[in-house]
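Notes follow once the structure below has been shown.
The numbers here are math on the coordinates, done by the rules we state, and not lab data. Because the structure is predicted, anything quoted here is derived from the model rather than measured. Here the Cβ positions follow ideal geometry from the backbone for every residue, glycine too, while neighbour counts run over all protein chains shown.
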């Protein structure tokens, strides 16, 4: 085994950190793209009602929303011999193993079997996410987190594009089984970077019996969650992204209902969505580092709500505006979301105690995922009752109101333990 001190360490340079976290988020984004983009489109084209689709995806997202319940394991079970690298390698191995049953027995329309398999995968994937984020917090400075998050989201988008958009297009030649084999290979291949090209950052290492102290962890959590700024942040995470989450959850089904064929919807997710969100993430990360993460989030939240309202109006007037207008507005929405996501993640990292990298940040991200859960579930129900337009306008209003919580974040001060 190669001594740790002789191993190439991507975390030592900014360029290396960009490469590592981009690759890790690619391995995270690939299965997310297949589950949240490709699967809803395939189900809708097969005639599954929109509300059943959104219930299925919302139930899977619930695992991510609740990951803060087991994320403390990543902070507690850590020593000089077992660190964040080991957590990442373990969970990525299990992510691939969990998907193997779908390769042996391809999905044949039984939602119960599919959901069970994906629930198991989501548990390991959400734990991998908590471990990667903790590694990022422990190895990056505050002034580079917006930019790093931009590259992380670019990796996420590349994975989503390949397996959430492009997979829909190429499955006609390689089949669903071929797409899933490629998916598992991507997940496992990025583990090699962690195994052979990184070393544990000093902040993530603690002597045996010290970092693993449950008493210390509890004291830090009490301090963190005893501060008002933490709860302002949790509240914003629950509400701020509602407009986008609602529109994003039904973008595929909505385009199908606009008359687009499934392969064209796949190309939309593979090209305009990924390019727009990627550019938005890179630009948003740079701008938020200069403008200030919280201020950037406030402006971007308002912009997202306005575009979602415009999408609602364009769909309501589809005969007048046409499908290209809906596609153009959705493309703009994803550009803004790219900037919004990296700015908000950087803001949450700024509020996180590095010693609670997995636990506290997972609480913020869990609230963000919970926003996706309730917005995805509710928008499906509202669409059945009142249609796409009124439903999307409702969520645009929720996001606008959430900006008030950002004033509390800016006014409050984080007190270290």
(message) Which order do the peptides 220-233, 28-41 come out in when sorted by mean C-beta neighbours inside 10 angstrom, highest first?
(response) 28-41, 220-233
(request) Report, in deg cm²/dmol and to the nearest 500, the calculated mean residue ellipticity at 222 nm for the chain, where each DSSP H run with n ≥ 4 adds -39500 (n - 2.57) and the sum is divided by the residue count. (result) -25000 deg cm²/dmol
(request) Please give, to one decimal in nm, the separation of the simple spin-label points placed at residue 264 and residue 120, each 7 Å out from Cα toward the Cβ. (result) 3.9 nm
(request) Label the range 134-181 by shape, choosing from rounded, prolate and oblate, from the square roots a ≥ b ≥ c of the eigenvalues of the Cα gyration tensor; if a/c is under 1.5 it is rounded, and otherwise prolate applies when a/b is larger than b/c, oblate when it is not. (result) prolate
(message) For a Förster distance of 45 Å, can you work out the FRET efficiency between the beta-carbons of residue 12 and residue 223, rounded to the nearest 0.05?
(response) 0.90
(request) Averaging sequence separations of C-alpha pairs under 8 Å and six or more residues apart, then dividing by the length of the range 81-182, give the relative contact order as a whole percent. (result) 36 percent
(request) Report the residue, chosen from 238, 255, 100, that carries the largest GNM mean-square fluctuation when the chain is represented by alpha-carbon nodes joined by springs under 10 Å. (result) 100
(request) Between residue 271 and residue 196, with labels modelled 7 Å along Cα→Cβ, what's the label distance in nm to one decimal, could you check? (result) 3.7 nm
(request) Using only alpha carbon pairs under 8 Å that are at least six residues apart, calculate the relative contact order of the chain and give it in whole percent. (result) 30 percent
(request) Along Cα→Cβ, 7 Å out, is where each label goes; now give me the distance between the ones at residue 386 and residue 257 in nm to one decimal. (result) 1.4 nm
(request) Any chance you could run the full-extension gain for residue 189 through residue 73? It's 0.36 nm times the residue separation minus the Cα-Cα distance, nm to one decimal. (result) 39.3 nm
(request) Would you kindly state how much longer the chain becomes between residue 170 and residue 100 on full extension, computed as 0.36 nm times their sequence separation minus their alpha carbon distance, in nm to one decimal? (result) 23.2 nm
(request) With P(r) over Cα pairs in 10 Å bins from 0, in percent in mind, check [x] 4, 16, 23, 23, 18, 12, 4, 1, 0, 0; [y] 5, 23, 34, 26, 11, 2, 0; [z] 5, 20, 22, 21, 18, 10, 4, 1, 0 and report the label derived from this structure. (result) [y]
(message) Can you order the peptides 64-77, 316-329 by their average number of other Cβ atoms within 10 Å per residue, highest first?
(response) 64-77, 316-329
(message) Within the range 214-253, name every residue whose backbone N is under 18 Å away from a label modeled 7 Å from Cα of residue 397 along the Cβ vector.
(response) 239-247
(request) Find the centroid of the Cα atoms in the range 117-151 and in the range 239-288, then give the distance between the two in whole Å. (result) 21 Å
(request) Fewest Cβ neighbours within 10 Å first, please rank 332, 89, 365 accordingly. (result) 89, 332, 365
(message) So for the range 232-329, averaging the separation of alpha carbon pairs under 8 Å that are six or more residues apart and normalising by length, what relative contact order in percent results?
(response) 31 percent
